[in-house]
């Protein structure tokens with residue numbers, strides 16, 4: 001009896017210890033792409049080349065790596081559409097959380113469809129080859145084909161708000177943002193009641209949008225900008241672990257990232273450039289985020 005009793009105690013102790021074990025963290029993978037050099041014959045910063053998009057992708061990969069993310073990084077000549085599609089396809093069946101980050105040029109066509117422009121989509125001389133670009137449905141279809149269920153798309157490019165499902169943005173900022181912009185039909189409602197039906201429809205549509213959330217640097221009609229050190233949007237993303245944990249729970253969510261970047265772009269960029277006019281548009285802009293009943297914890301807070 002004593003021996004049997006001891007064995008029973010040992011089993012109970014093992015069960016107790018296993019029930020208190022910390023569960024394994026969910027798998028998290030980041031796919032990161034940055035294109036500064038579109039034309040090898042020209043230096044960085046000489047159109048169509050950018051200066052810092054590749055560095056931004058590298059810095060984001062380093063930051064996420066310290067946070068425990070498994071990262072795949074491609075820059076410049078390696079960041080082609082075919083390579084991006086192959087990376088997504090290689091993750092078929094993965095059921096963890098995926099971050100898709102892109103820094104580079106973005107544009108839109110005659111019917112307002114927005115594109116991100118990986119390497120190969122801008123040819124020598126600056127012409128566009130949109131067959132080598134991604135429009136929103138094409139990118140999301142690649143995720144769906146791979147069976148990826150939980151994806152956060154982060155885009156630091158001009159016009160990237162076009163990847164946020166129309167009507168599903170949580171912030172209500174028009175696609176073309178700024179106090180000096182001429183109203184262009186973006187501001188649809190002057191009081192709340194007329195917006196109610198569209199808001200309900202947008203919320204219902206977000207359910208069919210799946211579990212994909214898009215955080216964009218700028219609206220569908222906006223440029224985004226880089227300084228001498230980073231793309232402005234990415235620069236604040238990189239600061240997020242130290243400052244963006246608004247509720248102090250140790251975890252920074254997609255909503256907290258949006259709020260942190262939006263506030264800081266407004267205070268530290270927009271108020272200084274609201275009157276700067278370049279290439280037919282003012283230089284102030286505002287990030288957008290998908291309106292969804294779901295959000296994801298992306299980063300651990302440093303504070």
May I ask you to order 261-267, 215-221, 272-278, 121-127 by the average number of other C-beta atoms within 10 Å around their residues, highest value first? 215-221, 261-267, 121-127, 272-278
Tell me the label-point distance for the pair residue 90, residue 108, using the 7 Å Cα-to-Cβ offset, in nm and rounded to one decimal. 3.4
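For residue 239 and residue 302, calculate 0.36 nm times their separation in residues minus their Cα-Cα distance, and state this gained length in nm to one decimal.
21.7 nm
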Could you tell me the calculated FRET efficiency between residue 248 and residue 27, based on Cβ-Cβ distance and R0 = 22 angstrom, to the nearest 0.05? 0.25
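Which of the three applies to region 226-303, rounded, prolate or oblate, going by the alpha-carbon gyration tensor with a ≥ b ≥ c and a/c under 1.5 meaning rounded?
Since a/c reaches 1.5 and a/b is larger than b/c, the shape of region 226-303 is classed as prolate.
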Remind me, relative contact order of region 253-303 in percent, using alpha carbon pairs under 8 angstrom and six or more residues apart? 46
Inter-probe distance in nm under a simple model that places probes 7 Å from Cα toward Cβ, at residue 123 and residue 66: 4.3
By counting other Cβ atoms within 10 Å of each Cβ, how are 97, 251, 238 ranked from fewest to most? 251, 238, 97
What relative contact order, as a whole-number percentage, does region 64-118 give when Cα pairs under 8 Å and 6 or more residues apart are counted? 24
Could you work out how far apart the two model spin labels at residue 272 and residue 255 are, taking each label as a point 7 Å from the Cα in the direction of the beta carbon, and quote it in nm? 3.1
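Bear in mind that the values in this text are calculations on the coordinates, not laboratory data. This structure is a prediction, so every number in the text was calculated from the model and none was measured. A quick note on method: Cβ atoms are made from the backbone with ideal geometry, for glycine too, and the neighbour counts reach across all protein chains shown.
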